[in-house]
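What follows is one structure encoded as structure tokens, with my remarks underneath.
What follows draws every value from the coordinates through simple rules; no lab data is involved. What you see is a predicted model, and the numbers here were worked out from it, not measured in a lab. As a convention, Cβ positions derive from the backbone with ideal geometry for all residues, glycine included, and neighbour counts pool all protein chains shown.
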Amino acid sequence: MQEYLRKIPAVNRLLQNEELKNILSQYPQDLVVDLVNQVLDEKRQMILQNKVEATYLDLSEEGLAREVRDVVLQYMAPRLKKVINATGTILHTNLGRAVLSEQAADVLTQIARSYCNLEYDLEEGRRGSRYSLVTDLLCRLTGAEDALIVNNNAAAVLLVLSTLANNQEVILSRGELVEIGGSFRMHEVMKASGCILKEVGSTNKTHLFDYEDAITENTALIAKVHTSNYQIVGFSQMIENQELVELARKHQIPVYEDLGSGVLVNLERYGVSHEPTVQEAVAAGVDLVSFSGDKLLGGPQAGVIVGRKKFIGRLKKNHLLRALRVDKFTLASLEVTLKHYLREEEAMEEIPTLRMIKLTSDDLAPRLEAFTQQISKQIPSAVAHILEGFSMIGGGSLPLEKMPTLLVGVKLANLSTTDVSICLREAQMPIICRIQDDELIFDLRTVLPEQDREIIKVLIDISQIVKK
């Protein structure tokens, strides 16, 4: 053991290696020194704890210098990476949810490289409001009187409740006490906002009289939460917006609905189950409606609030808004996304989320056939075939919606499917797919067309492992 420990060179000596001299010329010295120490310490621990047979360790200066170089390059590489989503889940929360349209992505580059009129009124030559950049578009598209943007929908919920119901009661059906990703729960968000939750009804049924019986002098708001990430089926009942609004008007109480995923087009026309639209909620008289920007809307992460002007005005005066406000990138990409919706056919074609939803098995078939043929042709050890399956919308939207589709199954001879999936994830452009019946499953619905060749290229590289 001591013999192998003595073989590990001193830090200063290793830094004299030509490989590391080149690295030192490109990156901060203190960072390189720290990572040299890290690599050498790992080698010492491996020897002392017998984690690896010492004879297998490369303790030469050249070998250690190459390893340090790789560690430095890996450390300096971007942590947030572009990946290929071959899972078939369109709004994959772990993979960044909605993909922006080409026009929205282009405007981000322009705004990032220059100053912009974020809070400057070009006509008046004085300070303006960042929210005015998208307010008129949201009002035109939804029929609302006014609009406001915050950094996500949870922030929208927090802002609405803390503004309209601080230290007062908010009535909410028990069947709508949702939990979203990361164990964040509606009742906990309500508690953090300073309001008092008043649950009504039961898990599966809430009647109009439940709401009416719960109204007191301390009732500030009636809230509805769209259960976009689960559904209660069978013996169940929830009150429609119009009935709730009529009750609220009688008692002069505002109604707020958290729509969650938020959609601006009727997806039934494209073979998808009905999802309540923002326009429907506004038309029913709901005073404030909030939804996410990066789900079914297909834009950037944001919390969009639309509704009556007098209530939006109150939200704007809440000092919490400063902590929840959005930046120039969100507003720039959201504006472009919203403009696509001025023509529905443009939105369905230009916004990737909607385009993927609209795709049918017949649309995908030619592409899958070409993809499968190329794998079989270029990788002799691969067995590739087309099979039937389902895609998912995901992102807490339409939880029961399974979209019939065609998939590609791939199996590489003499290589474990699990090992291949690991190699795919570790590729220069990581590829995330599914495993089913001991084969890799690629759903090209969520793969951008230009990425097909990249997947095949990586599979070819992986197949060479066997030959080596």
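Worth a mention:
- Summarising the overall dimensions of the chain from its C-alpha atoms, the Rg and Dmax are 27.6, 87 angstrom.
- Helix-only arithmetic for the chain: the sum of -39500 (n - 2.57) across DSSP H runs with n ≥ 4, divided by the residue total, places the mean residue ellipticity at 222 nm at -12500 deg cm²/dmol.
- Put simply, the amide H of GLU401, placed in the peptide plane, has no neighbours under 5 Å, leaving out anything fewer than 5 places away on its chain.
- The trypsin sites (Lys or Arg not before Pro) of the stretch 247-331 that DSSP puts in a loop, and whose beta carbon has at most 10 other beta carbons within 10 Å, are LYS317.
- 3J(HN,Hα) along the stretch 117-126: 8, 4, 10, 9, 7, 5, 6, 8, x, 8 Hz, from the Karplus curve 6.51 cos²θ - 1.76 cosθ + 1.60 with θ = phi - 60°, whole Hz, x for Gly and Pro.
- Whole-number D in µm² s⁻¹ for the stretch 33-118, Kirkwood Cα-pair radius fed into Stokes-Einstein, 4 °C, 1.567 mPa s: 74
- On Cα atoms only, tilt of 132-142 relative to the major axis of the chain in degrees: 70
- Karplus-derived 3J(HN,Hα) values for the stretch 146-161, using 6.51 cos²θ - 1.76 cosθ + 1.60 with θ = phi - 60°, are 7, 8, 8, 10, 10, 7, 6, 6, 4, 5, 4, 4, 4, 5, 4, 5 Hz; glycine and proline are entered as x.
- 5 angstrom amide H check on VAL178, placed H, neighbours 5+ away: MET186
- Descending principal axes extents, the stretch 2-76, alpha-carbon based, whole Å: 35, 21, 17
- Counting only alpha carbon atoms, the long axis of helix 452-467 and the longest principal axis of the chain meet at about 30°.
- In the stretch 1-109, trypsin sites (Lys or Arg not before Pro) in a DSSP loop with at most 16 other beta-carbon atoms within 10 Å: LYS51, ARG79, LYS81, LYS82
- Coupling constants for the stretch 195-202 follow from the phi torsions by the Karplus curve (6.51 cos²θ - 1.76 cosθ + 1.60, θ = phi - 60°), and in residue order they are 8, 10, 6, 10, 6, 10, x, 10 Hz; glycine and proline get x.
- With an a/c value of 1.5 or above and a/b not larger than b/c for the gyration tensor axes a ≥ b ≥ c computed over the alpha-carbon atoms, the stretch 263-345 is described as oblate.
- For GLU275, distant residues with modelled amide H under 5 Å away: LEU267, GLU268
- Nearest-ten-degree value, helix 102-112 long axis tilted from longest Cα axis of the chain: 80
- Whichever lysines have a C-alpha closer than 30 Å to that of LYS250, once near sequence neighbours (fewer than 8 apart) are set aside: LYS191, LYS198, LYS205, LYS224, LYS309, LYS310, LYS316, LYS317
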